[in-house]
Amino acid sequence: MALDAAAPSSGGGGGGGEDEAVRPLLPAEAEEELDATYAPYARRDAYGTMGRGPLRAARRVELYLRAALLVPLRFVAGMLLLVAYYLVCRVCTLFVDEVAEEGRPRLRGWRRVAVVRAGQGLSRAMLFVFGFYWIRETHRSYPNAEDVHQGQSEELELPGAIVSNHVSYVDILYHMSVSFPSFVAKESVSRLPLVGLISKCLGCIFVQRESKASDSKGVSGAVTERVQEAYQDKNSSMMLLFPEGTTTNGDYLLPFRTGAFLARVPVQPVILRYPYTMFSPAWDSMDGARHVFLLLCQFVNYIEVVRLPVYCPSEQEKEDPKLYANNVRKLIATEGNLIFSNLGLAEKRVYHAALNEDVEVRSRVYSVSSW
């Protein structure tokens with residue numbers, strides 16, 4: 001159990017040992033080739049691909065003990081925090097009008113302060129429950145990247161959005177604990193028990209993922225409008241945007257979409273890393289339930305944050321959102337030592353489909369052979 005207490009490294013150790021019941025049908029060379037082709041989504045921790053890699057008997061027993069000891073306690077603590085924040089949001093939204101066409105409550109004065117302060121405190125408490133006891137933050141005054149134009153870091157402008165690499169659902173908890181921003185979420189989230197009201201108080205923009213519109217406005221238009229609002233009004237929540245559009249294993253940086261940069265206002269670049277020794281908090285090629293379970297089984301989890309200076313676009317970047325997005329991407333990659341990748345969400349789905357197909361075939365083969 002001393003594994004988690006050890007100083008974390010940027011990569012995880014292998015599982016070791018052999019287990020016939022979980023050995024993949026894919027030849028080792030084919031699996032390695034698949035992981036190399038889709039490197040940004042490949043897991044390299046002790047649990048292996050999709051969290052189903054072989055574990056030595058000692059580690060398996062250790063996992064069972066952690067599950068019995070930590071998971072129930074952390075689940076109950078997490079639910080209590082969620083209910084507590086729901087009650088805060090419920091009280092603060094009593095007799096409050098909603099913003100037209102958006103469905104979010106119009107919070108002002110003490111209501112806004114209560115929702116924000118409680119949200120920040122309870123988000124940090126939730127991170128603590130998940131094992132993120134310490135957060136290492138670095139604030140860089142002057143970028144090292146050569147591509148940033150001269151003097152832009154000295155301009156005292158507030159950002160309209162936070163732009164961050166995307167590694168895990170834990171990213172949102174961290175940003176909530178610090179900046180309490182709004183973000184884009186699936187429309188179905190607004191109807192979930194507890195979480196629905198909370199997401200509305202956050203000022204989320206709800207979208208239909210299968211369509212390209214958010215109510216009467218396009219998603220890009222809604223995001224641009226909200227970013228400009230946050231830039232012009234310091235009392236409005238900033239938008240939290242993940243321009244990659246999906247999560248990676250934390251070592252790579254995918255191409256940036258331009259939606260975060262259409263408003264032509266300054267942005268706050270933030271870099272997130274999750275060092276680990278056994279289990280990687282990166283949500284790359286594993287289903288959500290298994291990932292949360294293994295995360296809760298960790299005694300200690302680590303997160304490192306680099307907050308870069310506010311990036312103020314040049315006139316040329318304001319006129320060319322793609323140039324603006326590419327320059328911010330270069331800056332984040334340089335400062336975070338991240339590897340550029342040209343893959344995207346479509347390739348991630350192909351990778352997951354290949355892995356899931358192998359798991360299904362493997363399951364059928366072992367089911368038949370057990371007879």
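Applying a DSSP loop filter and a limit of 13 other Cβ atoms within 10 Å to the GluC sites (Glu not before Pro) in segment 58-140 leaves GLU101. Electrostatic bookkeeping for SER177 treats Lys and Arg as +1 and Asp and Glu as -1; over the other residues with beta carbon under 12 Å from its beta carbon, the sum is 0. Of the whole protein surface, TYR133 contributes about 60 Å² of accessible area at a 1.4 Å probe radius. At a probe radius of 1.4 Å, what is the per-residue accessible area of ASP287, in Å² to the nearest 10? Answer for ASP287: close to 70 Å² accessible. For segment 223-288, trypsin sites (Lys or Arg not before Pro) are listed when DSSP marks them as loop and at most 14 other Cβ atoms sit within 10 Å of their Cβ; the list is LYS234.
The values are calculated or read from the model by the stated rules, or taken from the named source; none is laboratory data. These numbers were taken from a predicted model, which means no experiment stands behind them. Cβ atoms come from the backbone with ideal geometry, glycine included; neighbour counts cover every protein chain shown. Note: areas computed on protein heavy atoms with side chains; ligands, DNA, RNA excluded. Shrake-Rupley method; radii C 1.70, N 1.55, O 1.52, S 1.80 Å.
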